[in-house]
Every structure is written in structure tokens, then in C-alpha cells.
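The values are calculated or read from the model by the stated rules, or taken from the named source; none is laboratory data. Worth saying up front: this structure is predicted, and the values here are computed from it rather than measured. Positions of Cβ are backbone-derived with ideal geometry, glycine not excepted, and every protein chain shown enters the neighbour counts. Side chains are part of the model used for accessible areas, which takes the heavy atoms of the whole protein and leaves out ligands, DNA and RNA. Shrake-Rupley method; radii C 1.70, N 1.55, O 1.52, S 1.80 Å.
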Amino acid sequence: MKNAGHRQIPSVEKVLQHFSGSALPRRALTALIRTELARIRRRKSIPDQESITSHIAVAIGDLLSQKLQPVINGTGVIVHTNLGRAPLGAKVLGAVTELASNYANLEFDLRSGDRGTRAGYLEQNLALLCGAEAATLVNNCAAALVLILRHFTSQKPEVIISRGELIQIGGGFRIPDILEASGARLREVGTTNKTSVNDYRRAFGPETGLILRVHRSNFSMSGFVGSPSRDELAAFSRSKKIIFVEDLGSGAILPMQKLAGFDHEPTPAEAMRQGVDLVCFSGDKLFGGAQAGIIAGRRQFVGALKREPLFRALRCDKLVLTALQSTVDFYLSNETNELPVMAMLHTSAATLQERAEVIRRALRGSRIAVEIAQSKAQAGGGSLPGSDIPSFALDFSPVSPNRFARRLRNGSPPVIGTIKGRKFRVDLRSVFPAQDRALADAIRRVCQ
Ligand SMILES: *Cc1c(COP(=O)(O)O)cnc(C)c1O
């Protein structure tokens with residue numbers, strides 16, 4: 001039986017015409033309209049044409065909001081996993097653009113004219129930067145861990161790890177799960193707050209293949225805490241002829257404690273000096289490059305990992321390799337200001353305050369109260385958990401902070417901030433100076 005209201009349902013053609021200016025590609029738009037009209041047809045009561053049109057407009061908006069697009073990060077968290085972690089600088093991107101739009105010597109030896117190795121230049125420079133004999137890279141740090149565990153526990157499946165390091169990073173990454181996924185067996189030692197070398201010694205057995213140390217990258221512990229030093233663990237693992245691996249997580253290269261508000265963050269070079277056999281860390285956290293899992297350490301171990309069949313399944317593509325090649329070059333030539341993460345970390349609070357003043361002046365006459373406030377930014381991305389970086393923010397006092405936040409999120413470009421009580425805060429440390437004007441414009445639009 002046809003519902004009488006069905007006559008109200010417009011044709012796909014007619015709705016298409018109405019939304020012809022939409023940013024959705026035509027076929028995607030047509031498919032969406034068909035789906036939505038079919039859904040409406042199944043309803044008991046059919047809405048009027050106007051509600052049908054506005055319903056479809058919402059569906060189009062929902063889909064477009066999921067399209068990857070730039071946003072303004074006003075959270076003050078520099079490496080924000082939900083907001084794409086490390087942004088790339090113009091010069092790094094220039095290198096990527098040039099390589100990607102041409103053929104390249106990806107696996108071609110320009111000297112001999114034969115098949116060549118992938119990323120030879122990058123691997124050598126990465127090793128130098130990490131103070132290691134050798135280095136290589138895979139898709140992300142989780143993949144690096146799986147590869148390492150898989151390879152070094154194939155004979156002896158047990159991995160000793162401190163209970164204080166069985167951590168979770170962001171959504172869905174837990175060290176115990178990664179261990180399991182790689183086929184390794186977890187042997188927990190010590191307690192949440194205290195682990196000693198003796199705990200490792202007692203746990204050691206014929207099945208032990210590896211000692212894993214994990215940097216507590218997204219939280220810090222204080223009070224009655226203690227864990228063995230790298231030197232101690234390195235000496236122990238050497239005496240037992242097993243490999244000692246450290247997951248550093250964020251991959252700080254520069255001495256972070258020299259910056260205001262920062263704790264010390266272990267660098268790969270430091271871990272190497274203290275006897276770690278292999279380290280792994282993310283390429284797109286504090287390191288400030290593209291998504292990758294960087295592995296550095298003893299030549300024989302890195303070489304063995306590269307011969308693993310799994311390595312082929314986890315390798316990086318040429319765009320990532322180029323971005324990292326360029327990033328590493330900037331580290332080695334002390335031009336880290338070309339890396340946005342480093343530039344944002346190093347910006348002085350006074351500079352941020354001046355920018356805040358300029359933005360506030362630009363907002364004069366708009367119908368919203370703006371205050372400039374001292375704030376605390378974070379490195380983020382599971383790095384430097386104890387660090388509060390002195391920063392400056394714009395605090396807005398809208399009638400409804402939630403509605404204000406929602407409207408800013410749904411603007412173009414979207415602006416993401418934080419709600420603090422009755423205020424909506426935009427921290428300028430994670431905003432590019434070149435975005436200040438767009439930020440002011442976005443706020444002005446929302447206030448109209
Ligand atoms: C972030 C993090 C990881 C995961 O890194 P991905 O590159 O996202 O796979 C692993 N270990 C630690 C300690 C981390 O902080």
C-alpha cells in the first residue's frame with residue numbers, strides 16, 4: 001500500500017538540483033540523496049518537502065565534516081593525536097611534492113644502474129642522529145614493536161617487562177595487546193611503582209628472549225617510585241645474552257630540559273650510550289616528521305629485522321620516506337625551525353602574548369568578551385607528560401560555551417579549543433602565526 005504522503009517525496013533529480021552547489025562529488029551526492037529518500041519512504045509518516053530538504057542538508061554536512069581537512073588547533077597541545085600529530089613545514093612538504101610528482105631512485109642504484117636499496121641515505125643519517133650503528137623504519141611505532149617482538153621472540157617467546165610500564169597510549173594501543181599480537185608472552189615483574197634488577201633476574205628463565213623497557217610517555221609517577229637504570233638493565237641482559245629493547249614513544253632528539261617548563265626526555269642517542277640494543281619511536285610525535293616507526297640500534301639487529309618477511313608488509317611509502325629524509329636533514333644541519341613542532345615548542349611566551357593582543361584588537365567591535373590569559377600548553381602525543389609550557393590564550397565568554405565551541409568546530413576552517421568552566425579558550429602555542437587572521441575571522445563570523 002502506498003502511503004498517501006509519498007507524493008510529497010521529491011524526485012532524486014529535483015533534490016540533486018537543489019544541492020547542485022554542494023562540495024560533494026556528484027556521484028557521492030546522488031548516492032546520499034537516494035539513501036536518504038529511501039529511508040524517508042520507509043517511515044510511517046512522511047515529512048513535508050522542506051523538512052526533507054533540511055534533513056538531506058544535515059546528512060550532506062555530516063558526511064563533509066568527516067572529510068579530512070585542515071583545522072586550527074587551539075587546544076595548546078602541540079602534538080595532538082586526534083588532530084593529526086606533527087604538521088609538516090613548507091620545506092619538508094616541498095621536498096615531498098617534488099619527489100612525488102616525479103619518478104625517483106626509490107629502489108634504483110644510480111651508481112651501478114642496478115636495483116638499489118630503499119632509503120639508504122635516510123637510514124644512514126637516522127643512525128647518525130640517533131647515535132646508533134644502524135637504523136630503519138616501518139609504518140608506525142606500534143608496527144616497529146610488533147616487528148621487533150616477533151623477530152626476537154621466535155625462539156624464546158618470553159618478554160620481561162615492568163608492571164610500571166604496561167601502559168596504554170591513546171585509544172586502543174596497549175602494550176600488553178601489542179605483545180600478544182606479536183605472539184610474544186608477557187612476563188610482568190615488579191610493582192606499579194617499584195621494580196628492581198633483581199625482579200628481572202628472578203623472572204629470567206630458559207624461555208626469556210627479550211627485555212622491554214617502555215617510556216612512560218603520557219603520565220608521570222612521583223613519590224615512592226623506582227626502576228633500574230638503563231645501564232643496569234643493559235649489563236643484566238648482556239650477561240644473559242638476550243636483547244634489551246626500549247620503546248621511547250615520542251622520539252625527542254634535542255635536549256628538552258633546556259626549554260622552559262620541560263622535564264628531561266630520553267633521547268635515542270642517550271639510550272644507545274646507556275647500553276640499549278634497539279630503540280623505537282614514532283616519526284610524527286616530538287620528532288616532528290611523518291607517521292613512521294623509527295628503529296635504531298646495533299647493526300646486526302637492525303639488519304635481522306630488515307630480513308624479516310613481515311618487514312615488507314610494514315614498510316613506509318616514498319612520500320613518508322621523503323618527508324623524514326628532509327626532516328632528518330634539518331636536524332643534522334641545526335635548522336629545526338623548519339620543523340613546526342620544534343618551532344612551536346621554542347616560541348617565546350612573549351611572542352604569543354603579542355599575537356594575542358593583535359587578535360584581540362582585530363576582534364574589537366565583535367559582540368564577544370575576550371580576555372588574554374596566561375595558560376599552560378602541552379607537548380602532547382604522549383610526550384613530556386610532566387611539562388607545562390608557559391603560554392598565552394584567548395579566553396572568550398560566550399552565552400553558551402558549548403554552542404560557541406560547536407559553531408567554531410563547524411566553521412571553515414574549523415577551530416578547536418577547550419572549554420574551561422564558562423569560558424572557551426584558544427591557546428596560541430599550537431596555532432600557526434599565519435592562521436591568526438583566519439582565527440579572528442572565524443570567531444567574528446560565529447559572533448554575528
Ligand atoms: C605513541 C606511542 C606508541 C605508538 O606509536 P605509533 O607511532 O602511534 O604507533 C608506542 N609506544 C609509546 C611509548 C608511545 O608513546
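For the stretch 257-277, enumerate the residues that are at pLDDT 95 or above, away from the ligand (no atom under 16 Å from the Cβ) and of a type outside the set (D, E).
The answer is A269, M272, R273, Q274, G275.
Go through (1) surrounded by fewer than 18 Cβ atoms within 10 Å (Cβ to Cβ); (2) of a type in the set (S, T, N, Q); (3) under 18 Å from the mean Cα position of the chain (by Cα) one by one and return the number of the condition S348 breaks.
(3)
Failed condition for Q300, given (1) assigned to a helix (DSSP H, G or I); (2) within 16 Å of the ligand (Cβ to nearest atom); (3) not aliphatic (A, V, I, L, M), with all others met?
(2)
Consider the stretch 165-194. How many of its residues are away from the ligand (no atom under 13 Å from the Cβ) and at pLDDT below 90?
6
For Q353, which of the numbered conditions (1) away from the ligand (no atom under 16 Å from the Cβ); (2) in a helix (DSSP H, G or I); (3) touching a residue at least 40 places away in the same chain (Cβ under 8 Å) fails to hold?
(3)
Would you pick out the residues in the stretch 210-227 that are open to solvent by less than 10 Å² (accessible area, probe 1.4 Å) and at pLDDT 90 or above?
Hits for the stretch 210-227 are L210, I211, L212, V214.
Quick one: how many residues across the stretch 217-256 are under 19 Å from the mean Cα position of the chain (by Cα) and within 16 Å of the ligand (Cβ to nearest atom)?
11
Conditions: (1) of a type outside the set (G, A, S); (2) touching a residue at least 40 places away in the same chain (Cβ under 8 Å); (3) in contact with a helix residue (DSSP H, G or I) (Cβ under 7 Å, 6 or more places away or on another chain). I372 meets all but one. Number of the miss?
For I372, the failing item is (2).
Would you please name the residue that is nearest to G61 (Cα to Cα), looking only at residues in the stretch 388-427 that are open to solvent by 30 Å² or more (accessible area, probe 1.4 Å) and part of a strand (DSSP E or B)?
I416
Can you name the condition, by its number, that A100 falls short on among (1) in contact with a helix residue (DSSP H, G or I) (Cβ under 9 Å, 6 or more places away or on another chain); (2) surrounded by 15 or more Cβ atoms within 10 Å (Cβ to Cβ)?
All conditions are met except number (2).
When residues of the stretch 130-156 are filtered for being open to solvent by less than 30 Å² (accessible area, probe 1.4 Å) and away from the ligand (no atom under 14 Å from the Cβ), how many remain?
Going through the stretch 130-156 one residue at a time, the tally reaches 6.
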